[in-house]
Amino acid sequence: MKNFSDKKIYLVTDYRIHFEELLEKTEEALKAGVKLIQYRDKDISTKLMCDRAEKLCNLCKRYNAIFLVNDRVDVAMAIDADGVHVGQDDMECSLARNLLGADKIIGVSTKTLEESKKALDNGADYLGCGAIYSTSTKDTSVLSISDLKEIKDNINLPIYGIGGINTDNITNELKDLLDGVAVITAILNSDNIKESINKFKNMLEE
C-alpha cells in the first residue's frame, strides 16, 4: 500500500468540474494507469462530500488505486479511504495519524525544510511540495528549486511536486528532485486524458 515507486502520476480532482463529469474523467485516468487519486472539494456539505468520496473511493478500488481525501480526516474515516492529504492549516499530521492508525497513508503539503522535518517526525508517508509553478487552482507562493533541493537532500520521504505542472515544464532538474508529480488541470482539462497521461509517463521515466 505504501509503495510509491510505481505511482509517479498523482491526480488531484478539481471541484470546479461537475461531479458526474469528474467521475468519468477520473475513470479515464485510472484506465490509463494512474494509481494515486486525491479527492479535493470546497464549500459543500459533509453529507455530500461523503457521498462523492465514497463513489470515487469505490471507483479507485475497481482499478486497484490509492484513494486519499484532502483535508477532511473525518470523511476519510467515514468511507474508509486509504488515507488523507493535509496542508499546513489543516489537522496536524500527528493527530491525523493517531486517528487513522499506522496503516493509512498521510501526505503533508510543505514548502520549507522545517515544515518537511516536522511532517516526517509526525508520521507523514510522503510530501506534496509546491507550488512548483503558479496555478489557477490554488493561491500559493512558488517554491524555489534551491528550497526543493534542500528538502530532497534532508528528508527521506517520497516528494511529489504540485502546482502548475504540465508536460511542457518538467525539467530534468525537477525530475531529479521529485519522485512524482501531482496534477490537476494538465490531465482533467486535457482533450485526451490517456494521451496526456502517457506523455507524463514517458517524460518521468526518461
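The values are calculated or read from the model by the stated rules, or taken from the named source; none is laboratory data. Only a predicted model underlies this, so the values are computations on that prediction, with no experimental measurement involved. No Cβ is skipped: glycine too gets one built from the backbone with ideal geometry, and neighbour counts run over all protein chains shown. Heads up: the accessible areas ignore ligands, DNA and RNA and are worked out on the full protein's heavy atoms, side chains in. Shrake-Rupley method; radii C 1.70, N 1.55, O 1.52, S 1.80 Å.
General remarks:
- For segment 1-68 versus segment 127-166, the gap between their alpha-carbon centres in whole angstrom: 21
- Averaging the sequence gap over all C-alpha pairs within less than 8 Å and six or more residues apart, then dividing by the number of residues, gives segment 1-96 a relative contact order of 24 percent.
- Lysines with Cα under 18 Å of Lys42, excluding same-chain neighbours fewer than 8 positions away: Lys55, Lys138
- Calculated log₁₀ intensity ratio I(q)/I(0) where the Debye formula runs over C-alpha points of segment 67-181, q = 0.19 Å⁻¹: -0.97
- Within a straight-line Cα-Cα reach of under 23 Å, Lys199 can be paired with the following lysines, leaving aside sequence neighbours fewer than 8 residues apart in one chain: Lys7, Lys8, Lys25, Lys31, Lys35, Lys175.
- Leading residue at positive end of dipole, the chain (Cβ point charges), from Gln88, Ser45, Thr135: Ser45
- Highest-MSF residue in the chain out of Gly33, Gly163, Gly101 [GNM, Cα springs under 10 Å]: Gly101
- Considering only Asp74, Asp103, Asp125, the mean-square fluctuation computed in a Gaussian network model of the chain, springs between alpha carbons under 10 angstrom, is largest for Asp103.
- Convex hull (Cα only) mean projected area of the chain, reported in nm² to one decimal: 10.3
- Protein accessible area in the chain, 1.4 Å probe - carbon and sulfur %: 44
- On the beta carbon distance between Asp6 and Glu195, with R0 = 25 Å, the FRET formula returns roughly 0.75.
- 3J(HN,Hα) from dihedral phi, segment 79-91, Karplus parametrisation 6.51/-1.76/1.60, rounded to Hz, x for glycine, proline: 9, 6, 5, 6, x, 9, 10, 10, x, 5, 9, 9, 4
- Two-site FRET efficiency, Val142 against Ile44, from Cβ-Cβ distance with R₀ of 22 Å, rounded to 0.05: 0.15
- Here's the picture: charge each Lys and Arg Cβ at +1 and each Asp and Glu Cβ at -1 in the chain, and of Ser190, Val69, Leu59 the one pushed furthest to the positive end of that dipole is Leu59.
- Spacing of the modelled spin labels on Asp74 and Asp121, each 7 Å from Cα toward Cβ, amounts to 2.9 nm.
- Relative contact order, percent, the chain [alpha-carbon distance under 8 Å, six or more residues apart]: 21
- Restricting the calculation to Cα atoms, segment 1-79 yields a radius of gyration followed by a Dmax of 11.9, 35 Å.
- Solvent-accessible heavy-atom area per residue, rounded to whole Å², over segment 1-143 at 1.4 Å: 48
- For Lys47, the aspartates and glutamates whose Cα comes closer than 14 Å to its Cα, not counting residues fewer than 8 places off in the same chain, are Asp74.
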